[in-house]
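Quick notes on the structure that follows.
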Amino acid sequence: MPKIKHIALTTTDVEKVADFWKELFDMEEVGRSGGTHIYLSDGDMNLTIRKVKTADDADVGAQGADFCGIHHIGFTVDDIPNFVKKAEKAGGIRLTSQPEPSVDAPPRGHSNADVKFSGPDGVIFDMSQHGWIGN
């Protein structure tokens, strides 16, 4: 069964926002990427703090560039190609152009998301077969 495992917040001050969540809820920092992402975890679910999106990003979102707040939700699924088909059938709009990986393919680079979509109200979600660092 698919599980929500990741929520991404966008901000102009990654350090300040990450420090807030770490201090308030004792979240553990489980990784960083290029000064633009700090990955936090409560052991079950991840909170990614990332720099705001720009107009050039494929997944800029309905709120537009420089939006600060909840940007997207990440789900783990057991079969990416199957869930890509299900998302398209349900009316999801695919935002990423990379092909779906095979069942055994490892995550690429710093991103654990295999594919990103936009739902009917512009809410972005991504799917991973391998999960996110820290969960």
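Find the residue count for region 25-63, including only residues that are of a type in the set (K, R) and farther than 17 Å from H6 by Cα. Here the count works out to 1. Of all residues being closer than 21 Å to D44 by Cα and not in a strand (DSSP E or B) in region 81-116, which is modelled with the highest pLDDT? Just the residue, please. The residue in question is D114.
Could you list, in sequence order, all residues of region 23-71 that are part of a loop (DSSP other than H, G, I, E, B), of a type in the set (A, V, I, L, M, F, W, C) and exposed (fewer than 15 other Cβ atoms within 10 Å of the Cβ)? Full working, then the answer.
Of region 23-71, the ones part of a loop (DSSP other than H, G, I, E, B) are 26-27, 34-36, 42-45, 52-68.
Okay, now just the ones that are also of a type in the set (A, V, I, L, M, F, W, C), so 27, 45, 52, 55, 58, 60, 62, 65, 67-68.
Residues satisfying the conditions are A55, A58, A62, A65, C68.
For region 84-97, the criterion of being more than 21 Å from G122 (Cβ to Cβ) and not aromatic (F, W, Y) is met by at least one residue. The set of residues in region 13-22 that are surrounded by fewer than 11 Cβ atoms within 10 Å (Cβ to Cβ) and in a loop (DSSP other than H, G, I, E, B) is empty.
The residue of region 30-76 that is farthest from E15 (Cα to Cα), among those that are hydrophobic (A, V, I, L, M, F, W, C) and without any contact (Cβ under 8 Å) to a residue 24 or more places away in the chain, is A55.
Take the conditions within 18 Å of S128 (Cβ to Cβ), touching a residue at least 40 places away in the same chain (Cβ under 8 Å) and surrounded by fewer than 18 Cβ atoms within 10 Å (Cβ to Cβ) and apply them to D79. Does it pass? Yes, satisfied.
The values are calculated or read from the model by the stated rules, or taken from the named source; none is laboratory data. This one's a predicted model, so the numbers in the text were calculated from it and none came from an experiment. Reconstructed Cβ throughout: ideal geometry from the backbone, glycine too, with neighbour counts over all protein chains shown.
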